[in-house]
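> Below are the structure tokens for one structure; questions will follow.
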Amino acid sequence: MNSGHVVTRDVLARGLAGLGVRPGATVIAHTSLSSFGYVVGGAHSVLLALRDAVGAAGTLVMPAFTPQLCHPHTWRRPELARAAADPATAAQMPCFDARRTPVARTMGVLPELLRTQPGARRSGHPHVSFTAQGSRAERIVAEHPLAWRLAAHGPLGRLWDLDATVLLLGTRWQKCTALHLAEYATAYPGRRAGWWSLPVPGPLGGTSWRQVPELLVWEGDFDALGAAYQAAGRPLATAQVAGALCRAVPLRELVTFACRWLAEHRDLRRGLPPPGWRDVIPAPRPLAPGLLPTPPQPTPPSTPQSHLPDPDGARQSHLPDPSGARQSRLPDVSGAPRPSPPDAPQSRLPDVSGAPQSRLLAPPQPCLTATEPTP
């Protein structure tokens, strides 16, 4: 904590006004409470200042991620390996409950506080839900398909539609969740997709695991991307609020810039998939966010699961084309057909698949995902 500053609700309000946040705005906020200094009233004062800034007609949104619900196969600590390999461990993982499951502590204090406010709404994804409060909250979180979790057919797409503002309050560009929209829209070198496990209610009351197709995302170059955005003179407001450097940026402007930046500067062909992914294959074309492929059939427990593609490099026959060429409805956990999400036309995001690709290889490093657990 920056103990040299004492921060009140009025100080926070003036800082938000200096960033251009006005009543009626839709904002997605990423906050670091400790970066401000000593906040009188703690996290509640920051939340009240944000609500004051957008007013009754505005909407406040925050990521409410729950990586603690990831499959034990994603755990990294060697001392947990034996428990992670035991099927009973995975069977006892709690299922996600939008009303009761707490936001992970790694997300900070504010998202959990917002989730518990009267009138707050939350999307239904078990790992990467969003919570919102305000006039447009229901519209933003109502649809959140399980597959392609951070694509434009979910809450991030609704924020694009609403021309939302991204607030980084004492946080780095690396925390900017909206930048994942650009990863789904851009066919950069080394982009990959695979099967990801989600906890769902089992037939006998326990927890089962459902495989969904998903893109491997990575935040490792978001700081460089944000610095390039700022250096290019694109729309951006900054303010020093006590000890915190705060930024406000139009989501559409940022994502549009990010699409072209990723195509020109990112190359993850030497990256390694993190634990927990199955049948990872290249995803060389822009995804069609509204198309949800059919998942694979469950494999009997006696059959070992392969986490690697065929040695000859051939595409797995049961893994869908990541371009979204196949159309099908993704059923919900009860088995009933799930209505197709509202169309999120890809033309709204720039198609940069033909942009020049950088020939410089990035250093070898894993393609970390937004829901990587900490164990």
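The values are calculated or read from the model by the stated rules, or taken from the named source; none is laboratory data. The structure displayed is predicted, hence computed values, not measured ones. As a convention, Cβ positions derive from the backbone with ideal geometry for all residues, glycine included, and neighbour counts pool all protein chains shown. Note: accessible area is taken over every heavy atom of the protein model, side chains too, but ligands, DNA and RNA are not part of it. Shrake-Rupley method; radii C 1.70, N 1.55, O 1.52, S 1.80 Å.
> Quick one: 3J(HN,Hα) in Hz for the range 129-146, Karplus 6.51/-1.76/1.60 with θ = phi - 60°, rounded, Gly and Pro as x.
6, 10, 10, 8, 9, x, 5, 10, 4, 5, 4, 6, 9, 4, 10, 9, x, 6
> Accessible area per residue for the range 19-165 in Å², computed with a 1.4 Å probe and the full protein assembly in place, what is it? Numbers along the way, then the final one.
On the way: 5730 Å² over 147 residues.
Spelled out: the 1.4 Å probe surface of the range 19-165, per residue, equals 39 Å².
> Further question: So what is the relative contact order of the range 1-128, in percent, for Cα pairs below 8 Å that sit 6 or more residues apart? Working shown, then result.
Numbers: 171 pairs, mean separation 34.7, N = 128.
Averaging sequence separation for qualifying contacts and normalising by length gives 27 percent for the range 1-128.
> Something else now. Output the Cα-based Rg and Dmax of the range 163-286 in Å, rounding Rg to one decimal and Dmax to a whole number.
Just the Cα atoms of the range 163-286 yield Rg and Dmax of 17.5, 57 Å.
> Give the carbon-plus-sulfur fraction of the accessible surface of the range 70-155 in %, rounded to a whole number; probe 1.4 Å, heavy atoms of protein chains only. Intermediate values should be presented prior to the final figure.
Numbers: 2130 of 3980 Å².
Its accessible area is 53 percent carbon and sulfur atoms.
> Along the three principal axes, how long is the range 196-254 when you take its alpha carbons, biggest first, rounded to the nearest angstrom?
Sorted from largest, the Cα extents of the range 196-254 read 55, 27, 20 Å.
> If you don't mind, another one. Dipole of the range 1-117, Cα-centred, from +1 at each Lys and Arg C-beta and -1 at each Asp and Glu C-beta, to the nearest 20 debye? If you can, show how the numbers build up before the last one.
Working: 11 positive and 6 negative charges, 11 e Å.
The calculated dipole for the range 1-117 is roughly 60 debye.
> Just to be sure I understand: if I project the alpha-carbon convex hull of the range 138-232 onto a plane and average over all orientations, what area do I get in nm²? Please list the in-between numbers first.
On the way: hull surface 33.4 nm².
Averaged projected area of the range 138-232's Cα convex hull equals 8.4 nm².
> Can you pull the Kirkwood radius for the range 1-139, inverse mean 1/r over Cα pairs, to one decimal in Å? Mind showing how you got there, number by number?
Working: mean 1/r = 0.0601 Å⁻¹.
Kirkwood radius, the range 1-139: 16.7 Å.
> Using the C-alpha gyration tensor of the range 140-193, what are the square roots of 5 times its eigenvalues, in whole angstrom, with the largest one first? Present the calculation step by step, with values, prior to reporting the outcome.
Values: eigenvalues 71, 59, 18 Å².
Ellipsoid semi-axes (Å, largest first): 19, 17, 10.
> If you take the beta carbon distance between R51 and D86 as r and set R0 to 41 Å, what does 1/(1 + (r/R0)^6) give as a FRET efficiency, to the nearest 0.05?
Details: r = 45 Å, r/R0 = 1.10.
Efficiency computed from Cβ-Cβ geometry: 0.35.
> For the range 55-200, what D do you get in µm² per second when you plug the Kirkwood radius from alpha-carbon pairs into Stokes-Einstein at 10 °C and 1.306 mPa s? Let's see the in-between values first.
On the way: Rh = 16.6 Å.
Taking Rh from Cα pairs, D becomes 96 µm²/s.
> A follow-up question, please. Compactness ratio of the range 9-57: Cα Rg over 2.2 N^0.38 Å, N = residue count? Working shown, then result.
Details: Rg = 10.4 Å, N = 49, 2.2 N^0.38 = 9.7 Å.
Ratio of Rg to 2.2 N^0.38 Å for the range 9-57: 1.07.
> Output the Cα-based Rg and Dmax of the range 75-137 in Å, rounding Rg to one decimal and Dmax to a whole number.
15.2, 48
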